[in-house]
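Quick note: the coordinates plus some simple rules give every number you see, no bench work behind them. These figures come from a predicted structure and were not determined experimentally. Counting neighbours? That spans all protein chains shown, and the Cβs are built from the backbone with ideal geometry, glycine included.
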Amino acid sequence: TTNQSQEEDCPKQLQILASPCEKCCCLAPPPKISDLMNDKDLLDSLRLKLDPNHCTIKNWKNFASRWGMSYDELTLLEHRTQGSLSHSPTQEFLLRYNQKTVTELTELCRIYQRIDVLRLLQSWIEKDWPSRWQGEPNISAA
């Protein structure tokens, strides 16, 4: 049953938290989209990957539609951000769903086979997020 599998996972999680670990990423809470919105470099990379319109490559529209944005909302957002350098449809979409977790966003990358975006997000979760969450630069122990 589902309850049983959750109980089995629990001691493992407690062991991980109880044992000292080299990376502190296991102590950091799962990042929300609002957390990645503070990283301008990551945001710029996501915009470059998800803003363009290609008939064969899934972009911000597919992601937004999957999360419930209607056709009219998508059209309005696209029209509002068209030709603007300061407004990106990807950024607007992420802002709207900024309380979802970055993990949920990586699921969309899997569904739409955007491995390039998935790798970018996974790298950010592993390398940048722990130090950002702690609010200090990522310093390795000597």
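Dipole of region 23-78 computed with +1 at Lys/Arg Cβ and -1 at Asp/Glu Cβ about the Cα centre; of N59, L48, P31, farthest Cα towards the positive end is P31. Per-residue Karplus couplings for region 97-104, computed as 6.51 cos²θ - 1.76 cosθ + 1.60 with θ equal to phi - 60°, are listed in order as 10, 6, 8, 6, 7, 5, 4, 4 Hz, Gly and Pro entered as x. Here's how it looks for K32: its modeled amide H is under 5 Å from those of V102, which are all 5 or more places away or on a different chain.
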